[in-house]
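First up is the structure itself, then whatever we jot down about it.
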Amino acid sequence: MATLQEALLIAFDLQREGRFAEADSVYGQILDAVPGHPPALHLRGLLLAQCGRLEEGCALVEQAVAAVDGQAEGQPDLHANHANLLEALGRFGAAAEALARAAALDPERVALLNNFALRRLAAGDPAAAEQALRAAVDLQPGLADPRINRAQALDALGRTDEALTQRRIAALLAPDDAGLLGALALRPDVGEGELRRALRLDPERAALWNRLGAWRKDRGALSSARNAYERGLALAPADAALWNNRANVRKGQGDPGGARDALRRAAALQPESAAIRNNLADAHALCGDPEAALAEAEAALARDPALADARLARASALLALGRFAEGWDAWEDRWTAEPWCRTAGRFPQPLWSGQPLGGGRLLVWGEQGVGDELMFATLLPLLTQSSTEEAQSSTTTLAGCLLECDARLAPLFARALPGVEVVPRGPRPDPRLSAPDIAAQIPSGSLPRLLLRSEEDFRRLRPILSADPARTPAVRRRCGRPLVGIAWHTTNPKWGRLRNVPPADLARALHAAGADMVVLQYGDCAGEVAALAAEGIAIALPPGLDRKDDLDGLAAQIAATDLVVTIDNATAHLAGALGHPVWLLLSHAPDWRWLVGRDDSPWYPSARLFRQPAAGDWRTPLDAVTDRLRALFP
C-alpha cells in the first residue's frame, strides 16, 4: 500500500500528464483519508483551476492557506499560486495580499509583486498596482524598480507628491538610470542641477533640452535658454513645441522677426494648435503687421473659440487697423484675459450700455495703467456734451458721474472735470462707490465702444487737463533755444525692450538741433545725466520732483516746456491730455492706439508721431526729430 507522500507524487505525475480525472480521484482518496491535508488541497485546487473550475479550485487553495497559516517554514509557492487564482478571478486586492505573503516568505518573490503591478497598470487599475508595489517597497526598500513603478501608480491616482518622493529615492538607488533621471528632470519643479545630470546620461533626449530651456527662460537667462532649445531642435527638428518655445525667447531678446520665423515652422508642423497660432499672431503684431496678426488670431479662434489671448489679439489688431466699430466690440473680450480678468466684476451695479439712468449717477472706473486712464478720461466730457444724436439721446439724462482713478491722477482730474466726482483708488473700496444713487457702472476702457464708433467721432475729443499754475516752475533757457522735456524709458515687461530709446542717442539728437533739455523721465536718472554732461550735453534734472508719483507736479513741469519728446509711456499721455506739443518716438510695432502708417493721433491733436521704419532703427526717427526741430527753431 502506497504511503501518503507516494500517493501525492502519483497524483501530481498524472496531473502533469494531463490525466486530470485520474489525478483528481487520487487527490480525493488522500483527502478522504486525511481531511484538510494542505498539499493535497493545494494541488487539487490547482487541478480544478486547470479544468476551468476556478472558484472551486481557489476555495481549496484557501483551505490549504488557512491550514498552514502560522507555520514557521511557510510555503511561498502556496501563497503565490493562491495569488494567481485570485487574479484570474478578478480579486486583485486579495491577489496583492497573497503575493505579499509569498514575498515575505521568499524575498525573491518581490519580482512577482512588481510584475503583477505592471499588469494592473496596463489594465488601468492603479489602485491594485499601488497596493502591490507598496508591499514590494516595504519588503525590499533597496530596489529601485518597484519604487519607479509605484510612482507611476501614484501619479495615476493623483498623489503626485508621493510619486515624486518615490522617484527621488529610486534615483538615489539607481544613480545611472537615465530614464528615471529623465522622468524626474521633466517635472516642473526640477532644478538645473538635476536637468544637467539627466542630460549627461542621456544627451540625445530633446525633451530634456526643452525643459532646460524653459527653466532658464523662467529665470531670465534668455541666451542660455535659446541655446538649450537649439540643442533640442538639432535632435528633434520636427518638434513644434521646441520651435514655439524658441520663438518666445527670441521675442524676449527683441527679435520679433526671428520669433515669427520660428513660429511659422511650429505652425507648419502643428497646424491645428490654437496656442501656436495665437503666438504667431502676437509675433506678427510685434513685427508691426496687424493684418497678419488679425488673420492668425482668427485662425486660432477657429480652432479654440474660448482662447482669451487670441480674442485680445484680434481686438488689438482691429483697433490698430482703425476698424473701430468691430475693434471696440471685440475689445470687450479683454475681461477673459490677463490682467483684466483679475478686476472683472469689481462693482455690483449693472453695466452701463448707454441707456438713460433715470436721474441716477454713473460710476466710471479706471481699469488699466496711468496712460490708459488718461486716454480714456478724454471721453468723459462727451457723456454730457455729446454732439451726435445717438449719443445725445443716451447720455443727457445723466445726473452726474463719479470717476474712480489712480490716486496720482486725482488732483489733475478734479481740476479738469468739475462736474465729475473724483474718487482716488485706494487699498480699500471707498464708500462713495457704493452710494445708492449710483445706477450703473462702466470701466473707462468700455466708453469708446459707445462713443467712438468711427474716426469721425474722435474729432469731438479735446484736451481735458490743465497744469496747476502755482506749480509751474520758472524756466531758464538760453535765448532762442527751445526747452524740450524728454523721457526715454518704460518698465512695461513685454514692450519695454522695443519701446525704450537709448537716452544718450535721444539727448545727442536734440542737442544737435540746439535744444535745451529737462528730464521728465521717472526713476533715478542721475547717472545718465552726469554721463551726458561729461560730453558737454547739459540736461536739467529738477530737484524735489517725484516724476513717478507726483503726476500733478510732472504736468506742471511739462507745461513749462516748449515741447515734449518721449517714447510711448505715461508722459506721452499726460502731455497729450494737457494739449501740450508732444512728439512720440514709436517702435516699428507700436501699440494699437497709435494705429498704422500715420504721423498724427486721433486721441491727442497736439501729438506728432515719429515711427521706426524697421525694428531697432531709432536713427531714422531721431534724425527726423532733429530736422523738424531745426526747422521750427532755426
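Note on the chain: Cα-only Rg and Dmax are 38.2, 137 Å.
Please report the spacing between the Cα centers of region 43-117 and region 209-225 in Å, no decimals. First find each Cα centre; the distance between them is then 52 Å. Of the whole protein surface, His37 contributes about 30 Å² of accessible area at a 1.4 Å probe radius. Here the simple spin-label model places points 7 Å from the Cα toward Cβ, and for Thr3 and Arg459 these points are separated by 12.0 nm. Label positions at Asp304 and Glu338, each projected 7 Å from the Cα along the C-beta direction, are separated by 1.4 nm. The distance from the alpha carbon centre of region 486-548 to that of region 314-328 is 33 Å, rounded to a whole number. Solvent-accessible area of Asp155, all protein chains in place: 50 Å² (probe radius 1.4 Å, heavy atoms, ligands and nucleic acids excluded). Model label sites at Arg16 and Leu105, defined 7 Å from Cα along the beta-carbon direction, differ in position by 2.0 nm. Using θ = phi - 60° in the Karplus curve 6.51 cos²θ - 1.76 cosθ + 1.60, the 3J(HN,Hα) couplings for region 102-115 round to 5, 5, 5, 7, 9, x, 5, 6, 4, 4, 5, 4, 4, 5 Hz; x is entered for Gly and Pro. Per-residue 3J(HN,Hα) values for region 435-451, derived from phi via the Karplus relation 6.51 cos²θ - 1.76 cosθ + 1.60 with θ = phi - 60°, read 4, x, 8, 7, 8, 7, 9, 7, x, 4, x, 9, 4, x, 4, 8, 10 Hz in sequence order (x marks Gly and Pro). Taking all protein chains as shown and a probe of 1.4 angstrom, Glu373 keeps an accessible surface of around 10 Å².
Taking every alpha-carbon pair under 8 Å whose residues sit at least 6 apart, the chain reaches a relative contact order of 7 percent. Averaging the sequence gap over all C-alpha pairs within less than 8 Å and six or more residues apart, then dividing by the number of residues, gives region 544-631 a relative contact order of 21 percent.
Our coupling estimate for region 270-280, obtained by passing each phi through the Karplus curve with A = 6.51, B = -1.76, C = 1.60 and θ = phi - 60°, is 9, x, 8, 7, 5, 4, 5, 4, 5, 5, 5 Hz, Gly and Pro reported as x. Over the Cα atoms of region 190-257, the radius of gyration divided by the Kirkwood radius equals 0.96; this is the Rg/Rh ratio. Across the protein chains, with a 1.4 Å probe defining accessible surface, the residues Lys251, Lys548, Lys217 rank Lys548, Lys217, Lys251 from largest area downward. Distances between placed amide hydrogens fall under 5 Å for Ile438 paired with Arg361, all partners being 5 or more residues away or on another chain. Here region 488-590 has an Rg and Dmax of 13.1, 35 Å, counting Cα atoms alone.
Using the Cβ of Leu545 as centre and a radius below 11 Å, the other residues enclosed give a net charge of -1, where K and R count +1 and D and E count -1. DSSP beta bridges fully contained in the chain are about 5 percent antiparallel.
Here the convex hull built on the C-alpha positions of region 414-519 has a volume of 233 cubic angstrom per residue. Expressed as a whole percent, the accessible surface of the chain that belongs to carbon and sulfur atoms is 52, based on a 1.4 Å probe. Here the convex hull built on the C-alpha positions of region 194-326 has a volume of 101 cubic angstrom per residue. Close amide H contacts of Gly485 (hydrogens built in the peptide plane, cut-off under 5 Å, sequence separation of 5 or more or a different chain): Val518, Asp562, Leu563, Val564, Val565.
What FRET efficiency comes out for Lys548 versus Arg197 if R0 is 56 angstrom and r is the Cβ-Cβ distance? Round to the nearest 0.05. Numbers along the way, then the final one.
Details: r = 45 Å, r/R0 = 0.81.
That gives a FRET efficiency of 0.80.
Under 5 Å between amide hydrogens, built in the peptide plane, is the criterion, and for Arg608 it picks out Val582, Trp583, Leu584 among residues at least 5 positions away or on other chains.
The values are calculated or read from the model by the stated rules, or taken from the named source; none is laboratory data. Note that the structure is predicted; figures quoted are calculated from it, not measured. Using ideal geometry, Cβ is built from the backbone for each residue, glycine included, and neighbour counts are taken over all protein chains shown. Accessible surface is based on the protein model in full, side chains and every heavy atom, while ligands, DNA and RNA are left aside. Shrake-Rupley method; radii C 1.70, N 1.55, O 1.52, S 1.80 Å.
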